Amino acid sequence: MKTLTEFKESLNLEEPVSGLSVQLRSLWYDGKENWQQAHAQVDQLTDQASAWVHAYLHRKEGDIWNADYWYSKARQTRPDISLEKEWEQLVLQFLG
């Protein structure tokens, strides 16, 4: 999977495709409106990439204090863009 379009099309599947990074798997579950499963993918991870996704998820949840904590851990700042746009930027980032 190489493009945002392909990633979005995969949301029609019942399960994420094999070989996705944990960050993309989390974003996939979020794209399926399963915040709990998305959060479970990154909740116990402390690397910067996972922290960035974790931050986005807490921003989406509305827990801004917690989101800002995770953005800090990811060495990112909370963006002033829509959640949809941030999700797309994260997917593109991790598709590489």
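The values are calculated or read from the model by the stated rules, or taken from the named source; none is laboratory data. Since the structure is predicted, the reported quantities are computational estimates derived from the model, not experimental observations. Every residue, glycine among them, receives a Cβ derived from its backbone with ideal geometry; neighbour counts consider all protein chains shown. Remember, those area values only see protein heavy atoms, side chains included, never the ligands or the DNA or RNA. Shrake-Rupley method; radii C 1.70, N 1.55, O 1.52, S 1.80 Å.
A few remarks follow.
- Residues (under 20 Å from residue 15 (Cα atoms), surrounded by fewer than 17 Cβ atoms within 10 Å (Cβ to Cβ) and of a type in the set (S, T, N, Q)) located in region 25-47: 34, 36, 37
- Pick from region 13-24, criterion of a type in the set (S, T, N, Q) and either in contact with a helix residue (DSSP H, G or I) (Cβ under 9 Å, 6 or more places away or on another chain) or surrounded by 21 or more Cβ atoms within 10 Å (Cβ to Cβ) (or both), ranking: nearest to residue 87 (Cα to Cα): 23
- Criterion (closer than 12 Å to residue 94 by Cβ, in contact (Cβ under 8 Å) with a residue 12 or more places away in the chain and in contact with a His (Cβ under 7 Å, 6 or more places away or on another chain)) met by exactly one of 22, 42: 42
- Residue within region 66-77 that is touching a Leu at 6+ places or on another chain (Cβ under 7 Å), in contact (Cβ under 8 Å) with a residue 12 or more places away in the chain and of a type in the set (Asp, Glu) present: no
- Scope region 1-19; condition of a type in the set (S, T, N, Q) and more than 16 Å from residue 89 (Cα to Cα); matching residues: 10, 12, 18
- Set side by side, the residues 76, 44, 23, 37 differ, and just one is out of contact with any Lys or Arg (no Cβ under 8 Å at 6 or more places or on another chain), closer than 16 Å to residue 4 by Cβ and not hydrophobic (A, V, I, L, M, F, W, C), which is 23.
- Take the conditions (1) open to solvent by less than 50 Å² (accessible area, probe 1.4 Å); (2) small (Gly, Ala, Ser); (3) part of a loop (DSSP other than H, G, I, E, B); residue 50 misses just one of them, which is (3).
- Region 1-38, residues that are of a type outside the set (D, E, K, R), under 16 Å from residue 96 (Cβ atoms) and in a loop (DSSP other than H, G, I, E, B): 1, 3, 17, 19, 20, 21
- Count - residues of region 60-91 that are in a helix (DSSP H, G or I) and open to solvent by 40 Å² or more (accessible area, probe 1.4 Å): 12
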